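Please read the structure below before turning to the comments.
What follows draws every value from the coordinates through simple rules; no lab data is involved. Please read all numbers here as calculations on a predicted model, not as lab measurements. Here Cβ is always computed from backbone atoms with ideal geometry, including for glycine, and neighbour counts include all displayed protein chains.
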Amino acid sequence: MIIKTSSDALPFVSLFIPAYNEEKVIKTKINNSLGLQYPQNKIEIVVASDGSTDDTNKIASTFGDQITFFEYSERGGKTNLINKTIPKLNGEIIIFSDASAILEQNALHKLIRHFRDDKIGCVSGQYKLGKGNSTSSSTGESIYWRYETTIKSCESKFYSILGAHGALYAIRAELFEPLPPNAINDDYILPMLAVKHGFRAIYEEKAIAKEIVHASIKGEVTRRRRISVGNFQQLFILKSLLNPFRGKIAFEFISHKLLRSFAFVFMVLLFLLNLFLHTPLFLSLLIFQIFFYVTGLLMYLFKIKECRIKLFTIPFYIFIINYSSYLGFVEFLKGNEETLWEKSTN
């Protein structure tokens, strides 16, 4: 049965929070979840600890029956955590949210209202960086996420978004299916599996989740490398979406997922091509490319975390993204599909 919702009959939902060594943020996250504008008798707040070795379990336990707490003694990775825990939940809608993401009070209402439409299988909220961090990587990331928001909004209107923000997204419980054991990016695969079965995944930019922990440069590269491995993995798991007869979703999957995953290859080819084109226009482009890459590389090598010239943060973050994509591609070719997730603040 696919549920329908109305303004006077909200569905019962499960807010699922996966956690691994989240002692710095878990109390804030749970308090934020308890304060959301959603009827208390229509929501269960679920924290699942994946073998945490810090005080995450101790802190979560202090909330008693205000939350549902699953404590797993052995660490199995996020995919394993999801596969073990989601079938135990009671919600008609499963809402996924990172432990480090703070939701605006009306975020759940903004997500859930879309499930009145039987054709909607997944709704993603908008990810924003929290205030108080002025590092080059976070400034560049903020610009990048504004760009991503624009793309997702356009894709949502065109047909369906490709993947969701792990900070906040919701799926119909009956559309959940266990992830492949080696799956990495659940926030991409689960929404796309719903799309594969004929449902739409859409973007709700008014359902806002703000990140309260920022990654170091090293941590950001590690996180993005892992995401990149997942991106190449997804091309195989969801390869049927490359079929052009699937129409709009095939166009989006090829242009957004396939081509963007290999953007670092096109960047290198474009640079090499410009070396052999000696017209004023292409010479100007070559100079710009050299400035762009050298700026990003130097800021990365010297770990320049703060920069007053915001223009420099753009090549810096684009360098991190594409360098991480290259590293992820190499790891994927080696078969190193690590499903354990590490803290990106290191």
Highest-first arrangement of 54-65, 317-328, 264-275, where packing means the average Cβ count within 10 Å:
317-328, 54-65, 264-275
Crossing angle, helix 310-334 versus the chain [Cα axis fit, 0-90 degrees, rounded to tens]:
80 degrees
Output ³J(HN,Hα) for the range 183-197: one whole-Hz value per residue in order, computed from phi by the Karplus curve 6.51 cos²θ - 1.76 cosθ + 1.60 with θ = phi - 60°, and x for Gly and Pro.
5, 10, 9, 4, 6, 9, 5, 4, x, 6, 5, 5, 5, 4, 8
Using only the alpha-carbon atoms, what does the range 169-263 span along each of its principal axes? Please give whole angstrom values in decreasing order.
43, 30, 28
Ranked by Cβ crowding within 10 angstrom, fewest neighbours first, how are Ile93, Ile290 ordered?
Ile290, Ile93
In deg cm²/dmol and to the nearest 500, what is the mean residue ellipticity at 222 nm of the chain if only DSSP H runs of at least 4 residues count, each as -39500 (n - 2.57), divided by the residue total?
-14000 deg cm²/dmol
Rounded to the nearest 10 degrees, what's the angle between the helix 263-275 long axis and the longest principal axis of the chain, both from Cα atoms, 0 to 90?
10 degrees
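Could you list Glu211, Glu23 in order of exposure, starting from the residue whose Cβ has the fewest other Cβ atoms within 10 Å? If you can, show how the numbers build up before the last one.
Details: Glu211 20, Glu23 17.
Ordered from fewest to most neighbouring Cβ atoms within 10 Å, Glu211, Glu23 come out as Glu23, Glu211.
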Say the dipole of the chain comes from +1 at the beta carbon of Lys and Arg and -1 at that of Asp and Glu; which of Ile94, Ala170, Phe232 then lies farthest toward its positive end?
Phe232
Placing +1 on each Lys and Arg Cβ and -1 on each Asp and Glu Cβ in the chain, then taking the dipole about the Cα centre, the residue among Asn41, Val265, His109 whose Cα reaches farthest towards the positive end is Val265
Just round it to a whole percent: the fraction of Cα-Cα distances in the chain exceeding 26 Å.
51 percent
Part-to-part distance (alpha-carbon centres) for the range 245-304 and the range 177-229, which is given in Å:
24 Å
Given Cβ point charges of +1 (Lys, Arg) and -1 (Asp, Glu) and nothing else, what value in debye, to the nearest 20, does the dipole of the range 13-245 about its Cα centre take?
540 debye
With the crude spin-label approximation of a point 7 Å out along Cα→Cβ, what separation in nm comes out for Phe302 versus Lys58?
4.3 nm
